[in-house]
1. Charges at C-beta only: +1 for Lys and Arg, -1 for Asp and Glu. How large is the resulting dipole of the stretch 557-668 about its Cα centre, in Debye rounded to 20?
2. To the nearest 10 degrees, how steep is helix 270-282 against the longest Cα principal axis of the chain, on a 0 to 90 scale?
3. Once fully extended, how much extra length lies between GLU450 and ASP248, figured as 0.36 nm per residue of separation less the alpha-carbon to alpha-carbon distance?
4. Using a 1.4 angstrom probe on the protein heavy atoms only, line up ASP489, ASP367, ASP10 by accessible area, largest first.
5. Quick one: compute the contact order of the stretch 258-317, relative version, from alpha carbon pairs under 8 angstrom and 6+ residues apart, as a percent.
6. How much accessible surface does ARG89 have with a 1.4 Å probe, in Å² rounded to 10?
7. Convex hull volume of the Cα atoms in the stretch 13-69, per residue, in Å³?
8. When the expected Rg is taken as 2.2 N^0.38 Å, what fraction or multiple of it is the alpha-carbon Rg of the stretch 202-287?
Amino acid sequence: MWEKAICPYDCPASCGLLVKVENGKITEVKGDLGHPVSGGIICRKMKGYPASVYHSERILYPMRRTGKKGEGKFCRISWEEAVEEISSRWKDIIEKWGSETILPAVYSGVMSDIQRNCGHAFFNRLGASRIVMTLCSSAKGEGYRQVMGNTPSLSPEELKDSDFCLVWGCHAKATRIHSLIDRVNKKKDKGRTVLIDVYQNDTASYADQVVLVRPGTDGMLALAMMHVLVREHLADEEFLREKAQGFDEFKETLREYTVQKAERITGVRADVIEQLALEYGRAQAPSILLGSGNSRYRNGAMTVRLITLLPAVAGAWKKPRIGLCGCRVTRGGLTDLDQIRRPDFRKKPAKSVNINQLAGALLDEKDPIQSLYVYGLNPVDTVSDQNALRKGLMREDLFTVVHERFLTDTARYADIVLPATFSVEQTDIYRAYGYPSIGFAPKAVEPAGECKSNWNTFCVLAKAMGFEEDFFGWSEEEMARHLLDDPTDQLMRAKKEEREALRKGGSLKMPREDHLRIETKSGKILFVNEKEKERMPRYLPVEREEEYPLHLVAVPSEYTLNSEFADREELVKARGPMTLKIHPDDAKPRKITDGQRIFCYNDLARVEFIARLTPGLLPGTVAAEGVYDLAHSLNGQTVNALHHQRLSDCGEATTLNDNRVEICLAREESLQEL
Ligand SMILES: Nc1nc2c(c(=O)[nH]1)N[C@H]1C(S)=C(S)[C@@H](COP(=O)(O)OP(=O)(O)OC[C@H]3O[C@@H](n4cnc5c(=O)[nH]c(N)nc54)[C@H](O)[C@@H]3O)O[C@H]1N2
Ligand SMILES: Nc1nc2c(c(=O)[nH]1)N[C@H]1C(S)=C(S)[C@@H](COP(=O)(O)OP(=O)(O)OC[C@H]3O[C@@H](n4cnc5c(=O)[nH]c(N)nc54)[C@H](O)[C@@H]3O)O[C@H]1N2
Ligand SMILES: [Mo]
């Protein structure tokens with residue numbers, strides 16, 4: 001029997017799956033041809049999903065630590081014992097130190113509405129500290145908002161109507177293949193596609209041209225392009241007079257951003273910038289597919305703000321379906337997340353901890369966290385400053401609970417490990433974050449072993465903590481029904497029959513948004529935004545600590561998804577060992593040749609990689625693909641050990657692409673030490 005399911009992972013499409021159920025287990029997975037976004041196309045990672053779900057190393061019952069923290073030695077206990085231990089420790093901690101010394105940590109392990117958000121209700125009720133969830137693209141969202149407010153950006157299917165598309169800081173082949181397929185296959189006259197990236201990733205095979213920039217300098221590139229547009233009278237001044245706020249004042253500032261100046265900063269030749277601007281400005285329907293790569297910097301929000309202004313200068317928003325894709329897709333939520341998160345359960349404000357600074361928070365002696373509860377997150381492998389984070393997790397006095405499916409590098413530090421379900425074992429609603437679409441998938445099979453979903457785990461913990469709200473007594477099916485029975489205004493835009501069908505399972509696509517209705521307070525595109533600290537957008541250079549000459553960026557891998565799929569031998573094998581992509585001009589003076597073991601280091605760590613020499617990045621940039629676990633690292637650390645805990649200019653986001661490093665042969669470095 002084939003059942004409809006939806007991919008729970010952190011990709012823009014939330015692909016439709018069909019899972020074959022035999023004897024209470026899923027045995028096969030294929031793409032759901034009827035899915036409005038993914039059609040029948042799914043990635044190889046999900047085709048092999050049954051191997052993950054029934055993996056021999058999956059955690060099937062609760063466990064208590066018996067070895068040292070981090071060592072990975074545990075013994076089996078019952079759910080009753082686990083819940084009793086957690087609730088009694090928490091009651092003690094609350095009495096002695098207060099509920100704010102308990103910190104939940106969650107991010108994108110599961111992206112579906114209920115399972116991702118239900119912990120908020122529990123921890124609001126508990127009065128715990130809040131985790132600020134800005135591990136991914138909040139600087140991007142912020143930069144876009146400062147210009148466009150709540151106006152939705154383009155839906156990716158609209159890119160096929162564009163005759164000139166800039167794929168900008170986006171490894172679309174790995175992260176959003178449907179967007180590329182839509183563009184390349186469905187368009188009769190293909191038009192041109194240009195990739196702007198710091199590293200020639202495999203998405204280049206879909207592009208007619210690749211423009212390599214220095215990390216963190218895209219804002220300058222956008223400004224120089226706008227300089228050319230204005231100079232060549234390609235700016236749509238009539239549109240801007242009517243639809244924009246502050247354009248004339250902004251235009252004056254463009255004078256200084258010449259292509260020559262931009263060449264010095266971005267590393268892109270002046271004539272290439274000139275040509276790029278002219279092609280963009282002369283296109284009938286120019287578009288941008290914006291990734292998140294260039295927002296993960298100390299100037300990330302400003303960079304996105306400047307890129308968002310570019311289509312406005314060209315008058316792109318004037319024409320339907322032409323502009324920028326990759327930011328918010330609908331005006332409001334398709335479901336009301338507050339019904340799951342229950343902010344009303346919180347009785348008084350609590351302190352916040354930024355997820356990117358989790359390491360700092362765990363090591364903060366003035367205001368120590370007494371207990372950490374981790375779910376849908378594997379911070380040892382995905383969050384910045386890995387060594388400091390592990391030091392924090394080593395604290396004997398920190399009571400750590402990890403709700404997981406595998407004994408991840410983070411779970412190894414837990415005092416108590418709780419077994420988590422896979423998506424096919426739970427019921428949920430899935431909103432795609434990159435497409436205007438929503439789906440509902442009831443559970444296809446019963447949970448393996450003693451695994452519980454996030455929802456069911458919080459219900460059990462709530463009971464043990466004595467919470468009496470009815471909410472904690474609902475099943476996840478009841479929660480889903482509440483949400484679907486009470487649709488948001490946004491969801492009401494879908495046809496009634498479609499909403500009815502959704503309740504039985506499957507996905508629907510929302511009607512196209514009207515991008516020309518600019519949803520800022522003034523109804524205008526904000527070239528100047530008086531509300532912001534930087535009222536006038538401008539190029540903000542990222543600081544460079546000169547002792548480290550190279551710029552390190554982290555790039556997603558096609559074979560894995562964040563830290564997920566480390567269980568799948570065939571994917572891990574295809575991905576290969578931890579490599580660092582280096583330009584030959586940087587390798588030569590350091591006597592590094594392809595395939596050698598090297599150290600990449602800064603003041604935080606010294607991480608070993610295999611050198612991979614490639615002309616596919618500018619000299620001065622090095623790139624590390626993929627999130628590795630410690631077992632697949634070369635010296636017990638991964639690239640995240642080299643990431644500082646600094647935040648972006650706005651949006652409090654990660655700056656994981658904004659770190660300086662030096663490299664040397666591993667052998668030479670160890671000799672120097674002797
Ligand atoms: N070096 C490097 N670091 C990165 C990135 C990078 O490209 N390179 N990308 C960054 C980005 S963009 C992001 S979004 C973050 C993501 O970082 P994380 O949020 O840590 O994401 P994942 O690795 O996808 O998932 C974390 C864990 O959730 C668990 N999980 C899955 N489903 C469930 C469930 O239903 N319940 C529970 N309790 N657990 C579940 C999985 O087993 C997994 O171990 O990583 C960031 N870190
Ligand atoms: N296969 C696979 N799919 C994934 C993921 C994965 O790990 N693997 N991760 C998922 C998640 S959580 C997310 S957030 C999305 C991310 O999807 P994307 O937005 O496509 O990916 P990013 O990690 O942001 O990186 C995109 C590109 O930005 C480039 N870049 C870095 N700095 C700069 C810069 O300053 N300027 C320019 N122009 N480019 C720069 C990198 O080289 C990289 O090629 O993908 C999701 N899908
Ligand atoms: Mo992400």
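1. Working: 13 positive and 17 negative charges, 102 e Å.
The dipole magnitude comes to about 500 debye.
2. With rounding to tens, the tilt is 90 degrees.
3. Working: separation 202, 0.36 × 202 = 72.72 nm, distance 6.41 nm.
Going from the current span to full extension adds 66.3 nm.
4. On the way: ASP489 135, ASP367 70, ASP10 25 Å².
Ranked list, largest accessible area first: ASP489, ASP367, ASP10.
5. Details: 23 pairs, mean separation 14.0, N = 60.
Relative contact order comes out at 23 percent.
6. ARG89 exposes around 100 Å² with every protein chain in place.
7. On the way: hull volume 7.5 nm³, N = 57.
Value for the stretch 13-69: 132 Å³ per residue.
8. On the way: Rg = 13.7 Å, N = 86, 2.2 N^0.38 = 12.0 Å.
For the stretch 202-287, the normalised Cα radius of gyration is 1.15.
The values are calculated or read from the model by the stated rules, or taken from the named source; none is laboratory data. Every value quoted in this text rests on a predicted model; they were computed, and no experiment measured them. Heads up, the Cβs are rebuilt from the backbone with ideal geometry, glycines too, and the neighbour counts pull from every protein chain shown. Accessible surface areas use protein heavy atoms only, side chains included; no ligands, DNA or RNA. Shrake-Rupley method; radii C 1.70, N 1.55, O 1.52, S 1.80 Å.
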